[in-house]
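Student: Before I ask anything, here is the structure I am working with.
The values are calculated or read from the model by the stated rules, or taken from the named source; none is laboratory data. What you are looking at is a predicted structure, and each value in this text was computed from that prediction instead of being measured. Using ideal geometry, Cβ is built from the backbone for each residue, glycine included, and neighbour counts are taken over all protein chains shown. Side chains included, ligands, DNA and RNA excluded: accessible areas come from the protein's heavy atoms. Shrake-Rupley method; radii C 1.70, N 1.55, O 1.52, S 1.80 Å.
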Amino acid sequence: MATGADVRDILELGGLESENTGTINKKDIINSDKKKSKKSSETLTFKRPEGMHREVYALLYSDKKDAPPLLPSDTTQGYRTVKAKLGSKKVRPWKWMPFTNPARKDGAMFYHWRRAAEEGKDYPFARFNKTVQVPVYSEQEYQLYLHDDAWTKAETDHLFDLSRRFDLRFVVIHDRYDHQQFKKRSVEDLKERYYHICAKLANVRAAPGTDLKIPVFDAGHERRRKEQLERLYNRTPEQVAEEEYLIQELRKIEARKKEREKRTQDLQKLITAADTTTEQRRAERKAPKKKLPQKKETEKPAVPETAGIKFPDFKSAGVTLRSQRMKLPSSVGQKKIKALEQMLMELGVDLSPMPTEEIVQMFNELRSDLVLLYELKQAFANCEYELQMLRHRHEALAKAGSLGPVGMEGARADGQAGLSAEEGKGDAKDQIIDVVGAPLTPNSRKRRESASSSSSIKKVKKP
């Protein structure tokens with residue numbers, strides 16, 4: 001018959017009260033799960049000591065919370081491979097043996113350790129001894145082809161002997177050259193004589209009909225190069241600073257030239273756009289008005305492409321509002337939008353008219369023309385300001401005596417007077433702009449743009 005201890009053992013129950021009495025209580029059966037979890041949590045938790053880093057504490061125990069090993073162990077699992085496999089074979093014997101270097105001509109004997117199987121073989125590093133093949137000429141060849149009044153036979157032989165000894169290192173050859181016995185020569189003279197003889201011998205000894213790669217040495221170019229390098233090295237700090245200043249001024253001139261070219265292109269685009277828009281308006285007025293079907297009216301572009309504002313075309317499927325065609329594109333800046341609104345208010349035009357088909361088209365064309373007018377007036381003000389600045393600069397230079405006097409009588413406010421006196425001096429003015437001209441400051445640009453915008457708004461009158 002099973003006793004209470006057997007039942008507790010089966011149910012994994014414990015407790016002092018149940019062990020002492022030998023009976024099962026109601027609390028033992030109900031609270032059995034809590035006791036298990038509490039017991040397991042007490043046995044599995046390990047508190048990290050204070051002051052110990054987390055990485056160091058993680059090295060003390062593995063994932064199974066086992067105790068750290070007393071000795072370092074190495075397993076064969078993973079990517080680690082054995083570095084050396086020692087077998088039972090005999091090692092190859094080494095021997096202390098003499099050797100000679102074929103690159104040396106004195107027959108010196110040296111000793112080193114080498115495998116016994118390689119005894120009697122050539123020195124392995126002798127293959128790195130590369131020598132230059134210096135041509136050899138005979139007495140007859142020298143008298144027929146190589147004779148030179150500035151060089152003697154003994155001096156030429158001395159040059160080729162040094163070339164063989166020092167492997168065409170002409171700086172070393174020039175240092176070892178016998179300047180006491182022979183005439184004093186420069187490095188370029190030695191190179192020129194050597195390569196001239198090599199080219200002459202190659203032409204004489206070559207078979208007819210063969211293509212030769214004859215070495216050519218330009219002694220004059222080498223002398224000029226060294227002279228220029230010496231001048232560059234001997235420059236004073238003042239000369240270096242002056243050169244840097246001139247380079248910076250050249251970069252400024254090129255930048256201003258590019259900026260002027262860009263402004264000229266933008267101005268030409270504006271003028272072309274204004275002319276194209278005017279021609280289209282005249283053509284539309286002269287053409288007879290015909291009533292077209294309503295389906296074809298939607299296919300007509302609302303605004304010509306050359307206008308100041310290019311409104312987007314709504315060709316997507318679905319329902320759209322006609323008032324969306326009156327919305328200004330994001331390419332128009334806030335400054336132009338404010339100027340456009342002010343011009344419309346001065347003209348007495350509603351900013352948000354009734355969006356019928358005809359009103360939308362005419363309203364978009366009107367705003368496009370106003371923006372184009374605003375850009376043209378702004379460009380005109382810029383050109384006029386620059387013209388006045390150049391005139392003042394020209395007058396200042398003329399007073400200083402560097403240029404001749406220029407008549408400026410009859411100058412008008414629109415910037416068109418006095419041009420006849422300066423037409424013949426266009427090239428000189430371009431030179432003045434390139435060399436002396438200075439770019440405008442940001443503050444002057446802002447003042448000029450604000451003045452041009454206000455003047456363009458005031459000059460627009462209601463028709």
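Student: Just need the Rg to Rh number for segment 328-400, please, alpha carbons only, Kirkwood Rh.
Tutor: On the Cα set of segment 328-400, Rg over Rh gives 1.26.
Student: Quick check: residue separation of Glu119 and Val319 times 0.36 nm, minus the Cα distance between them. What number comes out in nm?
Tutor: Stretched out fully, the Glu119 to Val319 stretch lengthens by 62.3 nm.
Student: Now for a different question. Rounded if a/c is under 1.5, else prolate if a/b is larger than b/c, else oblate: which is segment 243-284, with a ≥ b ≥ c the root eigenvalues of its Cα gyration tensor? It would help to have the intermediate numbers written out before the result.
Tutor: Numbers: a/c = 11.16, a/b = 10.98, b/c = 1.02.
It is prolate, given that a/c is not under 1.5 and a/b is the larger ratio.
Student: Shifting gears a bit: Compute the FRET efficiency between Ala199 and His179 as 1/(1 + (r/R0)^6), taking r as their Cβ-Cβ distance and R0 = 25 Å, and round to the nearest 0.05.
Tutor: 0.45
Student: Using amide H atoms built 1.01 Å from N in the peptide plane, name the residues 5+ places from Asp218, or on other chains, whose amide H lies under 5 Å from its own.
Tutor: none
Student: How much length, in nm to one decimal, is gained on full extension between Leu144 and Tyr233, taken as 0.36 nm per residue of separation minus their Cα-Cα distance?
Tutor: Between Leu144 and Tyr233, full extension yields an extra 27.6 nm.
Student: Using θ = phi - 60° and the Karplus curve 6.51 cos²θ - 1.76 cosθ + 1.60, what whole-Hz ³J(HN,Hα) does each residue of segment 369-378 get, with Gly and Pro shown as x?
Tutor: Each residue of segment 369-378 in turn: 5, 5, 5, 5, 4, 4, 5, 5, 5, 5 Hz.
Student: Averaged per residue, what accessible area in Å² does segment 243-284 show with a 1.4 Å probe, protein chains only?
Tutor: Averaged over the residues of segment 243-284, the accessible area is 80 Å².
Student: Can you pick out the pairs among Lys258/Lys377; Lys377/Lys399; Lys121/Lys213; Lys257/Lys335 whose Cα atoms lie more than 31 Å from each other?
Tutor: Correct reply: Lys377/Lys399; Lys121/Lys213.
Student: Using θ = phi - 60° and the Karplus form 6.51 cos²θ - 1.76 cosθ + 1.60, what ³J(HN,Hα) does each residue of segment 202-211 get, whole Hz, x for Gly and Pro?
Tutor: Ordered by residue, 3J(HN,Hα) equals 5, 5, 6, 7, 6, 6, x, x, 9, 8 Hz.
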